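Colleague: Provided herewith is a single structure, encoded as structure tokens, for subsequent inquiry.
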Amino acid sequence: MNHIYMISTAYRTSKHRVQMEQRIQRVLIFILRIVAFVFDLLTLPVYFVLQKPWWIRHRSKQPKGKIVAQENTYITYRATSIPQKMHVELLREKIYTMAEMMVFYSNKYADKRCLGYRDLLEESSEVQGTGKVFIKNKFGEYIWKTYAQVNVLATSFGLGLRELGNKAGQNVAIFSETRPEWMIAAQGLFKQSMPIVTIYANLGEEGIIHALNETKVTIVITSHELLPKLKNMFKKLPLLDTIIYIEHKLLGNEPQNNLGCGKLRVLKFRDVLKLGSISNATNQFPTASSTAIIMYTSGSTGIPKGVILKHSNLLATLRGFTDSAHSFELNQSDVLIGFLPLAHVFELIVECVCLCSGIAIGYSSPFTLIDSSTKIKEGSRGDAPVLHPTIMTAVPLILDRISKGIVDKVSKTNILGRILFIFAYEYKKFWWYKGYDTPIINRVVFRRITNILGGKVRLILSGGAPLAPETHERIQLCLCARVVQGYGLTETTSCATVMDGHDRTIGRVGPPTTICDIRLQNCDEEGFSIKDKPFPQGEIIVGGDNVSAGYYALEKQTKEDFFDENGTRWFKTGDVGQAHADGVIMIIDRKKDLVKLQTGEYLSLGKVEMELKLFPLVDNVCVCVQLLGDNCVALIAPNEAELNKFAAKLNFSRRFPDVCDDPEFISAVHKKIIEHAKTRKLEKFEIPVNIQVCKESWTPDNGLVTAAYKIRRKEILKYYKTDIEKLFAVNKAEQ
């Protein structure tokens with residue numbers, strides 16, 4: 001009886017607490033609404049004059065793309081905007097190659113800060129509670145090279161390679177993390193007409209070996225930290241004869257002593273610079289039609305493909321991006337924090353836009369970006385709080401994690417803090433879409449969040465994959481920065497569409513850039529047509545000077561994916577788009593991800609995965625279907641910290657990975673995922689009927705995800721073949 005009494009009392013106490021919180025919430029919201037109403041009466045006239053919301057709304061609604069051709073099976077769109085100042089300058093100065101670009105702007109901005117990095121003061125190892133060992137760093141301030149200095153270093157490095165015997169047209173690979181030396185080396189190679197083979201630092205061993213052997217690379221530029229990874233591949237790289245490594249300040253041992261690399265020539269980056277500085281050779285500039293980069297994409301299926309990008313492709317995208325950047329009002333006081341892989345053309349071109357604009361680039365990494373990053377020693381500052389950047393690039397995965405982090409922190413605050421945040425968020429959202437900003441709310445409520453990235457970020461450029469509208473909105477409002485989506489592929493030199501800087505909508509990727517056309521082509525089998533109402537739909541095909549010459553040593557696939565028509569080069573993306581009345585494109589599906597179920601519905605694997613990744617427990621996910629099936633299951637790569645919190649909340653004694661074997665726990669996770677899927681308005685057939693929470697990490701090293709952490713569906717299905725069959729078998733047994 002006492003036990004029953006205690007439970008009853010606890011229930012009443014809990015119920016009473018909830019009721020009290022609800023009353024407090026209603027009272028506080030009522031008070032906040034009164035305060036906001038009075039505040040609006042006093043300040044709205046001032047904001048109306050200063051912020052010009054009518055003009056912002058007008059610019060947001062203006063047509064940004066127009067129809068230039070229409071046939072029975074396709075419709076073609078082109079930008080309504082015209083070339084802007086920098087685009088015209090590039091043409092007027094006859095800048096047709098990356099080498100000419102660097103020389104011109106290094107002279108124009110000679111004494112301005114160009115590339116910066118932080119001085120590494122201390123490095124130590126810390127053993128975590130889980131037994132994992134983390135490297136922790138302590139950094140000093142940023143050290144800068146001017147535009148003129150970078151240009152000299154680039155020339156010296158390129159000439160140094162000439163002294164080593166490398167010739168124009170001979171491929172050189174860069175296998176390194178994003179850092180100043182990457183850009184210096186690239187600009188040096190451009191000046192000597194040496195094509196760059198770009199390889200992600202976290203690409204799997206099989207992909208690296210394939211890329212280096214296929215392109216017959218003899219010289220690899222890498223970092224001290226990546227030498228051990230490269231060492232494991234020496235025997236499978238018969239043509240490799242020279243390694244140039246970027247030194248690590250605190251690692252004094254000479255790599256030659258322990259690499260066991262036989263006849264390989266191993267040189268320091270600075271040694272090559274010295275060779276070039278005393279060289280009597282002259283630069284061998286490329287032409288517009290010269291190959292600039294063979295960029296190996298971290299393909300989601302099979303081995304990576306090398307995309308051939310000419311100087312004309314890079315300069316076309318550069319001109320298009322500078323036109324789009326005009327609406328972002330870039331200026332020479334801006335600072336970009338560079339941490340995405342320079343081996344991806346999106347980051348490379350964005351940084352080159354900054355070089356054309358006189359903007360300083362401070363380098364970072366995902367592991368040192370903020371104070372709480374995994375490689376930052378406790379009590380030390382992350383890169384962003386030291387640099388105070390105004391511009392950053394990001395991929396949806398990073399923005400999703402930031403968004404989840406905001407929600408998590410708000411949920412841990414007291415009731416007053418939660419109510420204040422929610423009210424401020426909804427208040428700002430209301431006025432944002434009416435064309436206003438809320439500077440006082442930004443300072444009082446959102447300042448703590450903005451300070452995480454240094455407090456000055458005003459522009460975030462997102463690319464690489466579609467960004468969930470919810471994430472787009474939350475990041476934009478909470479970080480008090482414009483989030484601009486772009487759409488493009490390596491095959492289109494990362495360029496196809498970019499959001500207009502005045503567009504206040506979310507979930508769209510913008511109109512065509514000024515240098516290319518966007519065609520929507522009927523997808524009859526999948527049911528997408530340019531005659532669909534209210535908006536045309538179809539496969540996105542990109543045409544223009546930004547489109548690649550094709551895939552390196554893959555003639556058959558090049559013919560399948562590329563074609564020429566009336567002097568224009570076109571690429572079939574495989575993405576499905578929808579063109580709105582203002583000429584702006586929305587990505588709505590992926591042809592290869594569309595699966596027709598036995599019931600007749602088309603299930604978009606990518607769409608379901610994007611929605612499920614918004615759930616805090618999910619770090620990554622692969623949705624699976626069966627031939628002639630009528631439902632789906634999901635493999636979940638969990639967020640370990642969130643999963644452990646959930647297990648503790650439900651009083652499970654075990655933690656990740658052991659708790660993944662508990663059927664009762666998995667059932668509880670599945671129920672939460674179903675609830676989340678319903679709130680995201682997924683259809684019944686789109687909600688996984690069964691799940692597996694995977695113990696294995698999904699990393700590029702084990703081949704389950706690409707270097708950009710996109711899932712490699714084919715590899716995952718192969719790896720978890722037996723598990724997937726069990727998931728479907730259990731579901732059939734329960735039916």
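The values are calculated or read from the model by the stated rules, or taken from the named source; none is laboratory data. Note that the structure is a prediction, hence the values are computed from the model and not measured. Cβ placement follows ideal geometry from the backbone for every residue including glycine, while neighbour counts extend to all protein chains displayed.
Colleague: Would you check if D500 is touching a residue at least 60 places away in the same chain (Cβ under 8 Å), surrounded by 23 or more Cβ atoms within 10 Å (Cβ to Cβ) and over 20 Å from K591 (Cα atoms)?
Modeller: Judged against the criteria, D500 is a match.
Colleague: If you don't mind, another one. If I filter the stretch 441-455 down to residues being free of Cβ contacts under 8 Å to residues at least 60 places away in the same chain and not basic (K, R), which single residue comes out as nearest to V483 (Cα to Cα)?
Modeller: T450
Every residue, every condition in (1) closer than 30 Å to K710 by Cβ; (2) touching a Lys or Arg at 6+ places or on another chain (Cβ under 7 Å); (3) charged (D, E, K, R), yes or no:
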residue	(1), (2), (3)
T155	no, yes, no
G160	no, no, no
N166	no, no, no
I174	yes, no, no
E177	yes, no, yes
A186	yes, no, no
L203	yes, no, no
E214	yes, no, yes
L227	yes, no, no
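Colleague: Next question, about the same structure. Tell me the strands (runs of 3 or more DSSP E) entirely within the stretch 529-616 that contain at least 3 residues that are hydrophobic (A, V, I, L, M, F, W, C), in contact with a Phe, Trp or Tyr (Cβ under 7 Å, 6 or more places away or on another chain) and modelled with pLDDT of 95 or more.
Modeller: In the stretch 529-616, 568-579 are the strands (runs of 3 or more DSSP E) which contain 3 or more residues that are hydrophobic (A, V, I, L, M, F, W, C), in contact with a Phe, Trp or Tyr (Cβ under 7 Å, 6 or more places away or on another chain) and modelled with pLDDT of 95 or more.
Colleague: Does E734 satisfy being modelled with pLDDT under 90, over 27 Å from the mean Cα position of the chain (by Cα) and under 27 Å from P466 (Cβ atoms)?
Modeller: Answer is no for this residue.
Colleague: Please work out which one of (1) within 30 Å of W55 (Cα to Cα); (2) surrounded by fewer than 24 Cβ atoms within 10 Å (Cβ to Cβ); (3) at pLDDT 95 or above is the condition L318 fails and give its number.
Modeller: So L318 meets the others, but not (2).
Colleague: Which condition number in (1) aliphatic (A, V, I, L, M); (2) modelled with pLDDT under 95; (3) in the same structural domain as Q284 (by TED's automatic domain parsing) is the one that L32 fails?
Modeller: (3)
Colleague: Return a yes/no flag: does the stretch 223-238 have any residue that is at pLDDT below 95 and closer than 18 Å to I294 by Cβ.
Modeller: yes
Colleague: D658 is checked against (1) touching a residue at least 12 places away in the same chain (Cβ under 8 Å); (2) among the acidic types (D, E); (3) farther than 19 Å from N631 by Cβ and fails just one. What number does that condition carry?
Modeller: The number of the failed condition is (1).
Colleague: Take the stretch 67-87 and flag every residue that is touching a helix residue (DSSP H, G or I) at 6+ places or on another chain (Cβ under 9 Å), surrounded by 13 or more Cβ atoms within 10 Å (Cβ to Cβ) and of a type in the set (A, V, I, L, M, F, W, C). Step through it out loud before you land on a result.
Modeller: From the stretch 67-87, those touching a helix residue (DSSP H, G or I) at 6+ places or on another chain (Cβ under 9 Å) are 79, 81-87; that's our starting set.
When the remaining residues are screened for being surrounded by 13 or more Cβ atoms within 10 Å (Cβ to Cβ), the result is 79, 81, 83-84, 86-87.
Once the filter is applied, which keeps residues that are touching a helix residue (DSSP H, G or I) at 6+ places or on another chain (Cβ under 9 Å), surrounded by 13 or more Cβ atoms within 10 Å (Cβ to Cβ) and of a type in the set (A, V, I, L, M, F, W, C), the stretch 67-87 yields A79, M86.
Colleague: Another question, if that's okay. Of all the residues that make up the stretch 403-458, how many are closer than 26 Å to F646 by Cβ and among the hydrophobic types (A, V, I, L, M, F, W, C)?
Modeller: Residues in the stretch 403-458 being closer than 26 Å to F646 by Cβ and among the hydrophobic types (A, V, I, L, M, F, W, C): 10 in total.
Colleague: Let me ask another. Yes or no: the stretch 512-520 includes at least one residue that is within 23 Å of E71 (Cβ to Cβ), surrounded by fewer than 21 Cβ atoms within 10 Å (Cβ to Cβ) and not β-branched (V, I, T).
Modeller: yes
Colleague: Looking at the stretch 139-162, which of the residues that are among the charged types (D, E, K, R) and farther than 22 Å from T215 by Cβ is surrounded by the fewest Cβ atoms within 10 Å (Cβ to Cβ)?
Modeller: Looking at residues that are among the charged types (D, E, K, R) and farther than 22 Å from T215 by Cβ, I get E141.
Colleague: Another question, then. What do you reckon, is I95 out of contact with any strand residue (DSSP E or B) (no Cβ under 7 Å at 6 or more places or on another chain) and either among the polar types (S, T, N, Q) or assigned by TED's automatic domain parsing to the domain that holds A288 (or both)? Full working, then the answer.
Modeller: Values: out of contact with any strand residue (DSSP E or B) (no Cβ under 7 Å at 6 or more places or on another chain): yes; either among the polar types (S, T, N, Q) or assigned by TED's automatic domain parsing to the domain that holds A288 (or both): yes.
So I95 fits the description; yes.
Colleague: Which of the residues belonging to the stretch 649-678 are over 33 Å from the mean Cα position of the chain (by Cα) and under 20 Å from L614 (Cα atoms)?
Modeller: Across the stretch 649-678, there are no qualifying residues.
Colleague: Take the conditions surrounded by fewer than 17 Cβ atoms within 10 Å (Cβ to Cβ), without any contact (Cβ under 8 Å) to a residue 40 or more places away in the chain and not in a loop (DSSP other than H, G, I, E, B) and apply them to E525. Does it pass?
Modeller: It is false that E525 is surrounded by fewer than 17 Cβ atoms within 10 Å (Cβ to Cβ), without any contact (Cβ under 8 Å) to a residue 40 or more places away in the chain and not in a loop (DSSP other than H, G, I, E, B).
Colleague: Turning to a different aspect of this structure: Check off (1) free of Cβ contacts under 8 Å to residues at least 60 places away in the same chain; (2) in a loop (DSSP other than H, G, I, E, B); (3) out of contact with any helix residue (DSSP H, G or I) (no Cβ under 6 Å at 6 or more places or on another chain) for I506 and give me the number that stays unchecked.
Modeller: Against the list (1) free of Cβ contacts under 8 Å to residues at least 60 places away in the same chain; (2) in a loop (DSSP other than H, G, I, E, B); (3) out of contact with any helix residue (DSSP H, G or I) (no Cβ under 6 Å at 6 or more places or on another chain), I506 comes up short only on (3).
Colleague: Does at least one position in the stretch 191-207 carry a residue that is polar (S, T, N, Q) and under 22 Å from F104 (Cα atoms)?
Modeller: Within the stretch 191-207, one or more residues are polar (S, T, N, Q) and under 22 Å from F104 (Cα atoms).
Colleague: Now for a different question. Taking the condition assigned by TED's automatic domain parsing to the domain that holds A343, of a type in the set (S, T, N, Q) and under 25 Å from C356 (Cα atoms), does N151 pass?
Modeller: In short, yes.
Colleague: Could you give every pair whose Cβ atoms fall below 6 Å, whose first residue belongs to the stretch 532-553 and is closer than 13 Å to T497 by Cα, and whose second residue is part of a strand (DSSP E or B) and small (G, A, S), counting only separations of at least 6 or pairs across chains?
Modeller: I540/G577
Colleague: Tell me which residues, restricted to the stretch 560-586, are among the small types (G, A, S) and touching a His at 6+ places or on another chain (Cβ under 8 Å).
Modeller: Within the stretch 560-586, none qualify.
Colleague: Out of curiosity, is T301 surrounded by fewer than 17 Cβ atoms within 10 Å (Cβ to Cβ), β-branched (V, I, T), modelled with pLDDT of 95 or more and more than 24 Å from P238 (Cβ to Cβ)?
Modeller: no
Colleague: Take the conditions assigned by TED's automatic domain parsing to the domain that holds E426, farther than 24 Å from V150 by Cβ and either touching a Phe, Trp or Tyr at 6+ places or on another chain (Cβ under 6 Å) or surrounded by 14 or more Cβ atoms within 10 Å (Cβ to Cβ) (or both) and apply them to I56. Does it pass?
Modeller: no
Colleague: Taking L50, is it outside any loop (DSSP other than H, G, I, E, B) and either surrounded by 16 or more Cβ atoms within 10 Å (Cβ to Cβ) or touching a residue at least 24 places away in the same chain (Cβ under 8 Å) (or both)?
Modeller: No, not satisfied.
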